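The values are calculated or read from the model by the stated rules, or taken from the named source; none is laboratory data. What you see is a predicted model, and the numbers here were worked out from it, not measured in a lab. Note that each Cβ is placed from the backbone with ideal geometry, even for glycine, and that neighbours are counted across all protein chains shown.
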């Protein structure tokens, strides 16, 4: 019986090991399923957001090929289809300027390749010379990386691929056809140009409201860690802020060129004003969150200070909800109404920013009140107030 004990013990150990291995395998399979489900959701969202661009690219590339083949009589005009497809492309930067840059790069690259092909012929050394000359010309003409890359690539393909039946410059004409059709598609079938920058601006305003709300929670609980979290959250907004100028430039190009959306130019100017002022507000919120974390850490905020500061920060965050609605409302009247409400609430907030009467004590808390003054003024201007009007709401010191 004693001899059987180790065997039973070993069997138990093996069963335990098998159970642990099965649990680990189940956990790994669960993680794999979760990863695949997450990737599928993200992929489906990406496809849904790109459906209109997919339709544009499909139509444009096929139309360019058909025009070059059927109307111009070119044999297998692949450069017409490829230049149209590359010119449209994907991404939030695929607006008029980018389309012009890529179309010009493709067309000029093919033209340079055709010229050099006529002069020096084909071969590895000739290909190297074509690429070098093309890139020199591209960098001389424009600083854009897309333009330079497309020009060099297309000229290289022209030298390496066999010459078409229609003559040396047939491919240049095909590329021009693709570029022109891409431009026509962008101008004649654009999306509403305000949608993309408005959506990104909404995200930035929500981020700023979250920073203010997190700062209010931090000071209410005298929690320095939460204040540092608010600072990290404020810093994380930078990418969205950096994307906004490019989006607004692209939207303005579409609104200028597309007849259907020329009436959107005033709205885009308003969005730019809101974006510029919210950018300044986010920068101020970083400074305030950093100072708040320091003040809490050093015990410079008592309960009365905390109550006054947290109430004010929550009021600012509430005003951000109206400012966000002024960006997302589909109608002009709705946007005007929301902006007016934001301006009223921010004006009320500004009128309370007197360090002597705010309800705080100590130099640290009074300096925080002074930092809140430019933040509130910037947001007031973003909500449509003139600078003199916004400053006038502040109590005189």
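Scan region 362-374 and give yes if some residue there is over 18 Å from residue 305 (Cα atoms) and part of a helix (DSSP H, G or I), otherwise no. Checked against the condition, which is being over 18 Å from residue 305 (Cα atoms) and part of a helix (DSSP H, G or I), region 362-374 yields at least one hit. Taking the conditions (1) assigned to a helix (DSSP H, G or I); (2) surrounded by fewer than 19 Cβ atoms within 10 Å (Cβ to Cβ); (3) in the same structural domain as residue 110 (by TED's automatic domain parsing) in turn, residue 165 satisfies each one other than (1). Per the conditions (1) more than 16 Å from residue 79 (Cβ to Cβ); (2) part of a helix (DSSP H, G or I); (3) modelled with pLDDT under 75; (4) over 35 Å from the mean Cα position of the chain (by Cα), the sole criterion not satisfied by residue 129 is (3).
Taking (1) over 29 Å from residue 299 (Cβ atoms); (2) without any contact (Cβ under 8 Å) to a residue 24 or more places away in the chain in turn, residue 373 satisfies each apart from (1). Test residue 353 against the stated conditions and say whether it is assigned to a loop (DSSP other than H, G, I, E, B), closer than 16 Å to residue 285 by Cβ and assigned by TED's automatic domain parsing to the domain that holds residue 303. It is true that residue 353 is assigned to a loop (DSSP other than H, G, I, E, B), closer than 16 Å to residue 285 by Cβ and assigned by TED's automatic domain parsing to the domain that holds residue 303.
The set of residues from region 250-309 being buried (at least 19 other Cβ atoms within 10 Å of the Cβ), more than 20 Å from the chain's Cα centre (by Cα) and under 30 Å from residue 101 (Cβ atoms) comprises 258, 261, 264.
Yes/no per residue for (1) surrounded by 21 or more Cβ atoms within 10 Å (Cβ to Cβ); (2) more than 25 Å from the chain's Cα centre (by Cα); (3) modelled with pLDDT of 85 or more:
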{"residue": "161", "(1), (2), (3)": "no, yes, no"}
{"residue": "181", "(1), (2), (3)": "yes, yes, yes"}
{"residue": "225", "(1), (2), (3)": "no, yes, yes"}
{"residue": "229", "(1), (2), (3)": "no, no, yes"}
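In region 63-96, the qualifying residues are those that are loosely packed, with under 15 Cβ neighbours inside 10 Å and under 20 Å from residue 154 (Cα atoms), and the one that is modelled with the lowest pLDDT is 90.
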